[in-house]
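The values are calculated or read from the model by the stated rules, or taken from the named source; none is laboratory data. What you are looking at is a predicted structure, and each value in this text was computed from that prediction instead of being measured. Heads up, the Cβs are rebuilt from the backbone with ideal geometry, glycines too, and the neighbour counts pull from every protein chain shown. SASA here: full protein model, heavy atoms, side chains in, ligands and nucleic acids out. Shrake-Rupley method; radii C 1.70, N 1.55, O 1.52, S 1.80 Å.
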Amino acid sequence: ASEPALASNLYSTILAHNSLESTMSFLLANKLANPTMLGMQLMRLIQQAYDDDPGLMEAALADLQAVYDRDPACDKYSQAMLYFKGFQAVQCHRVAHWLWSKGRK
C-alpha cells in the first residue's frame, strides 16, 4: 500500500501462490532461471524438493525468522524473502543439497 509500483511484484511473487512452498519455488526459480534452464522447469524441480522433504520448508521458516529477528534493516518477513540475497542463497543451497543427496548431480 505504501509503494504502489511494487504491488505487481508482491502479487506475482507472493499473493498469487497458495502456499509458502509455491512462493519459494517461484521466487528461487526466477532468480536462477537462464536461457538453457527455464524458470518453469526450475520451479517444478524446487517444488519437488519441497514436496519430498518438509524439513526444507521448516528450515526456510527458521531462516526467515532468524533474519527478521537479527537484521535491524528487516521489518517485514516478505522483505527478507523478496530482497535479501543471503536468505535466497541459503534456500538455493538447501535445494541443491537435496538434489545432491538424491544422486542428482
Taking the stated definitions as given, is C92 without any contact (Cβ under 8 Å) to a residue 12 or more places away in the chain, surrounded by 11 or more Cβ atoms within 10 Å (Cβ to Cβ) and in contact with a helix residue (DSSP H, G or I) (Cβ under 9 Å, 6 or more places away or on another chain)?
-> no
Give me the pairs: first residue in segment 46-74 and closer than 15 Å to A89 by Cα, second residue open to solvent by 80 Å² or more (accessible area, probe 1.4 Å), beta-carbon distance under 8 Å, and six or more apart or on different chains, which are they?
-> L64/Y77
Failed criterion for K31 (all others in (1) over 22 Å from G103 (Cα atoms); (2) more than 10 Å from the chain's Cα centre (by Cα) hold) | (2)
Among residues belonging to segment 8-27 that are touching a residue at least 24 places away in the same chain (Cβ under 8 Å) and not aliphatic (A, V, I, L, M), point out the one that is surrounded by the most Cβ atoms within 10 Å (Cβ to Cβ).
-> S25
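Name the single residue, out of those in segment 24-81 being hydroxyl-bearing (S, T, Y) and within 18 Å of T13 (Cα to Cα), that is modelled with the lowest pLDDT.
The qualifying residue modelled with the lowest pLDDT is S78.
Let's see how each residue does on (1) in a loop (DSSP other than H, G, I, E, B); (2) within 22 Å of W100 (Cα to Cα):
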{"residue": "S2", "(1), (2)": "yes, no"}
{"residue": "T13", "(1), (2)": "no, no"}
{"residue": "E21", "(1), (2)": "no, yes"}
{"residue": "M24", "(1), (2)": "no, yes"}
{"residue": "Y50", "(1), (2)": "no, yes"}
{"residue": "D63", "(1), (2)": "no, yes"}
